[in-house]
1. For region 231-245, what are the residues that are within 17 Å of Ala131 (Cβ to Cβ) and part of a helix (DSSP H, G or I)?
2. Mind telling me which of the residues Arg168, Arg247, Arg208, Arg251 ends up being over 18 Å from Arg124 (Cβ atoms), of a type in the set (Lys, Arg) and in contact with a Leu (Cβ under 7 Å, 6 or more places away or on another chain)?
3. Of all residues in region 170-193 being surrounded by fewer than 24 Cβ atoms within 10 Å (Cβ to Cβ) and of a type in the set (Val, Ile, Thr), which is modelled with the lowest pLDDT?
4. Name the single residue that is nearest to the chain's Cα centre (by Cα) among those in region 272-313 being part of a loop (DSSP other than H, G, I, E, B) and aliphatic (A, V, I, L, M).
5. Where residues in region 202-211 are part of a loop (DSSP other than H, G, I, E, B) and surrounded by fewer than 14 Cβ atoms within 10 Å (Cβ to Cβ), which of them is modelled with the lowest pLDDT?
Amino acid sequence: MFDFDPRDHDSRDDERLGLVHHRGSRDNSDGLDTADDRRHSDTSRDRDDDARSLSRGPGGSRSSHSEERGHDPRSTDRDRERGPDRSFDPREPFTRDLNLPRGIEREVVRDRDYEYTLRGSETRTLATVGAFRVVSSRDLRDHRDRPLDPRTGDLRHLREQGLVETVRIPGTRDDYAVALTKEGRGLLERHRDRDETGHQTFWHGIKRERELEHDVQVYRAYEREAERLAQRGARIDRITLDHELKRAYQRWLHERDRDRADYDGHPDRTETDIRDWAHEQDLPYFDEEVHFPDVRIEYQEADRRWDHVDLEVTTEHYRGAHAASVARSGFSCFGGSSARVGGRSADPDLAEEFV
């Protein structure tokens, strides 16, 4: 029985909310079935499930250079010939090229030697978490549009199948960061349309636990901006996180080094080269460095023009030179809120944009 109340634990204790048992795991010291046992069990312990019949199979921005990149819009005429989308779900762009269940009832999904069961809300959760690396459980929704709880429902079902992991956000009682496991990311990658270009990148694992309070708010900033874009009829294509932009920069910075016999660890790019690269990527360059947003949203306007908007989440810790640098970058800045126990807490629905 999965029996614990997060409020009974101190945040300095076991930060992991129930260890995820991976394939072949024999550790069952917490009394839970292993992932393999759960995948092949005919009986689910999810008391919140009300659908047991399983079917067979998965059913302000600066000027953009995206038009010059030859980006494949992947949108149909029906998508383009529309006004503002009043029923827009900000999670849908991340499931667009996935061949996974979309309905209310759970369906069997075969992946290599394993079987999983998923429904539409769980597909959206996996894709959204994968796109942003970490998302707060409070910001994810089940098939009844309720916030997810690691102890019940969709999130418990995904955890028990070994597809996600949950970690308490430091300083909080019942707010958890959700991330894909390696198996969860693999499931998404193996069930996507291979003939599409410009795929949404999916990530797994929690890499920066000390920055969880900041990182989970990136999705909240995205939601607010996505609503604004939808109101004017824009169609979101994908998002790019800061570490993906930085990875592309590092790859470019050192791409010629492997051919240098005298390579000493320092790239041979000049300041002019770096400035030009930043300009081509529509990223700010000042104080002798390239500046990266927390997230870039790529979208298509109703008139079919491609553009993007760069967002930065600012918190109470953004002071002095750091705050001045962010303000100078030209990114759309959203004020983050604190969920820490005993600390000051801003309204999580407020997002203030600075010019």
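The values are calculated or read from the model by the stated rules, or taken from the named source; none is laboratory data. None of the values given here were measured: they were computed from a predicted structure. Cβ atoms come from the backbone with ideal geometry, glycine included; neighbour counts cover every protein chain shown.
1. Listed by number, the residues that qualify are Asp242, His243, Glu244, Leu245.
2. Arg168
3. Ranking the candidates gives Thr172 first.
4. Leu283
5. The qualifying residue modelled with the lowest pLDDT is Arg208.
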